[in-house]
Structures are given as C-alpha cells and as structure tokens.
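A short write-up of the structure that comes next.
The values are calculated or read from the model by the stated rules, or taken from the named source; none is laboratory data. This one's a predicted model, so the numbers in the text were calculated from it and none came from an experiment. Because the Cβ atoms are built from the backbone with ideal geometry, glycine has one as well, and the counts that use them run over all protein chains shown. With ligands, DNA and RNA removed, areas are computed over all heavy atoms of the protein, side chains included. Shrake-Rupley method; radii C 1.70, N 1.55, O 1.52, S 1.80 Å.
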Amino acid sequence: TNEVDGWFEIATPVKGWITKSQTDSGCNEKTERVSFGAGGDSVTIAERFVGTGSHRYRFNLGKGQTLSVKSDRRTLPRVVSPNGKDLFSADDRQTSWTGELATTGDYTLELDSNYKGYKYSFSVQVK
C-alpha cells in the first residue's frame, strides 16, 4: 500500500512492512513488437512470469513465409494469425512448430501463466 526508503507497507495477508529486496515482481501483462533486424531471420525470446498474466510477441510477416518456433525450456507459445485464429496451441510434449503462413499481417506468439509463474525461452525463425 506504500513504499518508504526501500520498504513496502503491506495490508494482506497481515499488516506490516517488508524490505523491497525480499520481494519479486515482473511485468505480467505485456505486448511487444519484435523485428529480426537488418538481414536477420531469427530471434530468441527469453523472459519470465511472476504470477498470473499473458505475454504477447507480435511479428509482421508475409504470406508464403515459413514460421518456425522452437522451445528452449519446454514452453512453446500459442501462434495466432492476423485474423485472431489459433494456428498452433502447444501441449506439454511439443517443443517445436513449423508452418507456412497463409496471409500477410501481424502474427502473435502468446504465453499465459497461472498463479505460479515460470521462466521461458524460445527461438523464432522465418524463411
């Protein structure tokens, strides 16, 4: 409820103070536009959730391109087309996905977290 000189005042589960250095926070709702850079065709994305939320990474891609996504930590994002339809929704056993894109526009790679949070890392390649 308040911050003073590196201390947070808390109201739940009990009233009191906790030092900021003993807490953890993160950006749990995030939408980020990603580009490959000049002449590049791949990028690695690594981040973490602290608690509940959604992270979305947007790529402007073209019809006929091949998109490949590979997990480095056993967490694979959902792939959403520009029209909002899922192209791929991962299960716990899959560590990669590749598909040819049917339309030009913003494709979104999205991960969700429950209350526990987690670290993730995946690579994206377009040809």
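So the values come out like this:
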item: Calculated on alpha-carbon atoms, Rg and Dmax of the chain in Å; result: 18.3, 58
item: Using a Förster distance of 30 Å, the FRET efficiency for Tyr115-Asn2 (Cβ separation, nearest 0.05); result: 0.75
item: Under 12 Å, Cβ to Cβ, from Lys127 - net charge with Lys/Arg +1 and Asp/Glu -1; result: -2
item: Within the accessible area of the stretch 56-127 (1.4 Å probe), percent carbon and sulfur; result: 40 percent
item: Per residue accessible area in Å² of the chain, where ligands, DNA and RNA are left out and the probe is 1.4 Å; result: 63 Å²
item: Amide H within-cut-off set for Ile10, under 5 Å, with H built and near neighbours excluded; result: Gly16, Trp17, Ile18
item: Over 18 Å between alpha carbons, listed pairs Lys70/Lys119; Lys85/Lys119; Lys30/Lys70; Lys30/Lys63; result: Lys85/Lys119; Lys30/Lys70; Lys30/Lys63
item: Residue-wise HN-Hα coupling along the stretch 112-127, computed from phi with Karplus coefficients 6.51, -1.76, 1.60 (Hz; x: Gly, Pro); result: 10, 10, 8, 5, 6, x, 5, 9, 9, 7, 8, 10, 10, 9, 10, 10
item: Selection of chymotrypsin sites (Phe, Trp or Tyr not before Pro), the stretch 1-108, meeting DSSP coil and at most 15 other Cβ within 10 Å; result: Phe36
item: Extension reserve of the Thr98-Thr66 stretch, reckoned as 0.36 nm per residue once the Cα distance is removed; result: 10.8 nm
item: Inter-label distance, nm, simple model (7 Å from Cα along the C-beta direction), Asp91/Asn28; result: 2.9 nm
item: Residues whose placed amide H lies under 5 Å from that of Gly51, excluding near-sequence neighbours; result: Gly117, Tyr118
item: Residue-span extension gain [Thr12 to Ala38] - 0.36 nm each, minus C-alpha spacing; result: 4.5 nm
